[in-house]
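Structure first, then comments.
Just so it is clear, none of the values below were taken in a lab; they were calculated from the coordinates. On a predicted model such as this, the values are computed, not experimentally measured, just so you know. Cβ coordinates were reconstructed from backbone atoms using ideal geometry, including for glycine residues, and neighbour counts include every protein chain displayed.
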Amino acid sequence: MACEFSTLFPGRTTHAVDAGCAALDEVDRLEDLLSIYRDDSEMSRLNRCRSNEYTTVPEVYEVIRLAAGLWAETGGGFDMAVAPLVRIWGFFRGPRRVPSDAEIEQALALCGSRHLYFPKTEWTLGFRRPGIEFNPGAIGKGYAIDRAIRLMWNHFGIRCALMQAGQSSLYGLGAPAGAPRGWNVDIGDPFGSTRPLARVYLRNRGLGTSGAANQYFEVNGLRYGHILDPRTGRPAGQLASATAVARSSAEADALSTAFFVMGTEWVRSFCETHRAIGAVLVPLKTDKPARGPIVLGAADVEVSA
């Protein structure tokens, strides 16, 4: 999943080493199933399918079903069925380039969870249009964290841990002794300052952050970020970064992408109707006076002064 996974336990946690190793083994197992960078993965086999139905393994079915629900919930701001778009922009194995309007329209016709349905047959996916391809990049890390947390809970009795994938996906299980608000996680400055913008507290909550500060290319002085708006087929650009806090890491991952795509006012409305969700948004820099992050919904946050 192109990043390092790590798990932090409070001191003297029983079975911490065994639990941590088992969690990383679970991540490796899911990587073998979900990675589109491995031609022999189950997700890659699914993406090569050109039939109207495909029976897959439970984990791939589960993540696609979850993603489809989040696609509907976000009005298309998050969509896992966008692999052709990612490919034409060169964000999958390159070269990175600006595609023509015609190429974007052709790719959009091959994208979209609207083409997906779920037959009654177990673990089976149905396609109203053959050739739909999935990119789990905006949900896969969070899903792997959730599965690993579940494994440590069920098999090792772990009740307190912080699991992290790269710098953008986390889950805080329980709360360390003396920290009733939960695990504290700093949100970095997308504009490069080493000083964090805010601190979020996680107690049985997942966190995901999306931004294009590190993955982009420039053409003729214009910057094109890797987060694409599934509705237009073009890079999103309303925010510098978007962080979501949710009940699971997978949900937080996907929602952070949707928040980055949809912008502040949509996120404000979403958090008002989804009381378990929180957001920390960083606006783009303009010639106006600098503003701090915007905190919305159910996020336990301290903003840096």
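Here the chain is assigned +1 on the Cβ of each Lys and Arg and -1 on the Cβ of each Asp and Glu. Its dipole about the Cα centre then comes out at about 460 debye.
In what sequence do M1, M163 fall when counting other Cβ within 10 Å, fewest first?
So the ranking, lowest neighbour count to highest, is M1, M163.
Neighbour counting of Cβ atoms within 10 Å sorts the residues F92, F134, F118, fewest neighbours leading, into F118, F92, F134. All other residues whose Cβ lies under 12 angstrom from that of T74 are scored, Lys and Arg at +1 and Asp and Glu at -1, for a net of -3.
Using a Förster radius of 41 Å, what is the FRET efficiency between F191 and S100 based on their Cβ-Cβ separation? Nearest 0.05, please. Between F191 and S100 the formula returns 0.80.
Using R0 = 45 Å, the C-beta based FRET efficiency linking R12 and D40 works out to 0.60.
Listed by Cβ neighbour count within 10 Å, with the fewest neighbours leading, W123, W89 appear as W123, W89.
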